[in-house]
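**Student:** The structure that follows is given in the form of structure tokens.
Just so you know, all these numbers are worked out from the coordinates, no wet-lab data involved. Because the structure is predicted, anything quoted here is derived from the model rather than measured. A quick note on method: Cβ atoms are made from the backbone with ideal geometry, for glycine too, and the neighbour counts reach across all protein chains shown.
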Amino acid sequence: MKTSAFIRRISLDGHITYINMAAAGEVMKALRIIGTNINQIAKKANEINSIYAEDIEKLRKENEDICHTLNQFLSTLPSIAA
């Protein structure tokens, strides 16, 4: 964070919340893999102008996995009082 951004944040909010994203490496890796799979299905669907029920189910499952993974990660973050 640049000094000016730090001073502005402290002035307005009165605190800085630091989240170590390196600790979230495995979560981010899993999300990238799931996102890649979704993109591959979408690309194929656009190429052949069709999509199969199995592809829709796979997308639904991967979307569910993304939501679950994000919810788990977000639940570990500290609460920020407004």
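**Student:** Could you please find all residues in region 31-82 being hydroxyl-bearing (Ser, Thr, Tyr) and not in a helix (DSSP H, G or I)?
**Tutor:** The answer is Ser50, Tyr52, Ser79.
**Student:** Can I ask one more? List pairs: first in region 45-59 and closer than 14 Å to Ile34 by Cβ, second surrounded by 10 or more Cβ atoms within 10 Å (Cβ to Cβ) and among the aliphatic types (A, V, I, L, M), Cβ under 7 Å, 6+ apart or cross-chain?
**Tutor:** Matching pairs, first to second residue: Lys58/Ile41; Leu59/Ile38; Leu59/Ile41.
**Student:** Can you tell me which residues in region 30-75 are exposed (fewer than 11 other Cβ atoms within 10 Å of the Cβ) and among the small types (Gly, Ala, Ser)?
**Tutor:** Listed by number, the residues that qualify are Ser50, Ala53, Ser75.
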